[in-house]
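These notes are about the structure you will find just below.
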Amino acid sequence: MSDTVPNHIGFILDGNRRWAKNNNLPTLEGHRRGSKVFEEVALHAFKRGVKNVSGFVFSSENWNRTDEEVGYLMNLVVKAVEDYLDTFHKEGIKIVILGRRNGLRSKVLNAIKKAEETTADNTNGTLGLCFNYGGKEEIVDAVKSIVDSNLTIDKIDIKTLDDNMYYPQMPNVDLLIRTSGEKRLSGFMMWRMAYAELYFSDKYWPDFSSEDLDEAINCYSDRERRFGY
């Protein structure tokens, strides 16, 4: 077994609601517990030497959930900034938000701004929160940005798309981890996922642990990445 550590791990944090149901708890408690687990697992990833961690926190499709659940998830972002910002900042982790800002409540936008501005100069790692995010929407927004730049067709290539994605400094995903036994990508970072290694866990996200992350990284280390060659 090698000790190769992925540069960028992406997480699809799936199963919060089913975890709550199985434990006879309110749905919202599943999201609260899931938020805490993400903090713990992300910090462990950085300690393992991973430089970039991203999480699918709130998709553009999640607006279709109940008003109560959407409202709770919005408030959870604000609370997460209050509870976890200092921890990531002390660890030297930069926090960036990937997704559309339109439609978000002012207190959510203020929390996002606070997190990004507070950690802007940190260099020990980057935590990307995909919030109000859709993979297709990201590509559409990149195309719109390119059109607005008035580039001629012959000047547009893969790097042009790279440079117009949300937070383009975020590299391609090396390892994608999805929990809850579901085996699909759900539009997560579609542009950056071209050669990602996929790892699926049957555990619901609130039950996922640092030990489970170690197992996923060990599995990644044993794989031979060919990149089409």
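The values are calculated or read from the model by the stated rules, or taken from the named source; none is laboratory data. All of these numbers come straight from a predicted model, not from anything done at the bench. Cβ: placed from backbone, ideal geometry, glycine included. Neighbour counts: every protein chain shown. For accessibility, only protein heavy atoms count, side chains too; no ligands or nucleic acids. Shrake-Rupley method; radii C 1.70, N 1.55, O 1.52, S 1.80 Å.
Tallying residues that are touching a helix residue (DSSP H, G or I) at 6+ places or on another chain (Cβ under 7 Å), under 22 Å from Leu73 (Cβ atoms) and part of a strand (DSSP E or B) within the range 111-155 yields 4. The condition (being closer than 30 Å to Lys203 by Cα, surrounded by fewer than 19 Cβ atoms within 10 Å (Cβ to Cβ), free of Cβ contacts under 8 Å to residues at least 40 places away in the same chain and out of contact with any helix residue (DSSP H, G or I) (no Cβ under 6 Å at 6 or more places or on another chain)) is satisfied by just one residue among Arg184, Arg100: Arg184. Suppose the filter is surrounded by fewer than 20 Cβ atoms within 10 Å (Cβ to Cβ), among the basic types (Lys, Arg), in contact (Cβ under 8 Å) with a residue 60 or more places away in the chain and under 26 Å from Arg192 (Cα atoms); does Arg48 pass it? In short, yes. How many residues are free of Cβ contacts under 8 Å to residues at least 60 places away in the same chain and within 15 Å of the chain's Cα centre (by Cα) when one looks only at the range 123-164? Qualifying residue count for the region: 2. Only one of the listed residues (Ser54, Ser106) is within 28 Å of Asp141 (Cα to Cα), modelled with pLDDT of 90 or more, open to solvent by less than 20 Å² (accessible area, probe 1.4 Å) and of a type in the set (S, T, N, Q). That residue is Ser54.
Quickly run through the range 2-45 and pick out the residues that are farther than 18 Å from Leu127 by Cβ, touching a residue at least 60 places away in the same chain (Cβ under 8 Å) and open to solvent by 10 Å² or more (accessible area, probe 1.4 Å). Within the range 2-45, Ser2, Asp3, Thr4, Asp14, Asn16, Arg18, Trp19, Asn22, Arg33 meet the criteria.
Considering the range 156-195, the residues that are of a type in the set (A, V, I, L, M) and in a loop (DSSP other than H, G, I, E, B) include one that is nearest to Ser210 (Cα to Cα), namely Val173.
Residue by residue, here is whether (1) modelled with pLDDT under 95; (2) surrounded by 21 or more Cβ atoms within 10 Å (Cβ to Cβ) holds:
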position: Phe131; (1), (2): yes, yes
position: Glu137; (1), (2): no, no
position: Thr160; (1), (2): no, no
position: Asp163; (1), (2): no, no
position: Arg178; (1), (2): no, yes
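Scanning the range 109-129 for residues that are crowded, with 17+ Cβ neighbours inside 10 Å and farther than 26 Å from Ala142 by Cβ yields a count of 0. Residues considered: Glu61, Glu82. Of these, the only one that is touching a residue at least 40 places away in the same chain (Cβ under 8 Å), open to solvent by 70 Å² or more (accessible area, probe 1.4 Å) and outside any loop (DSSP other than H, G, I, E, B) is Glu61.
Annotation note: Cβ proximity below 6 Å between a residue of the range 210-229 that is outside any helix (DSSP H, G or I) and a residue that is open to solvent by less than 50 Å² (accessible area, probe 1.4 Å) and acidic (Asp, Glu) (sequence gap 6+ or interchain) occurs for Arg223/Glu197.
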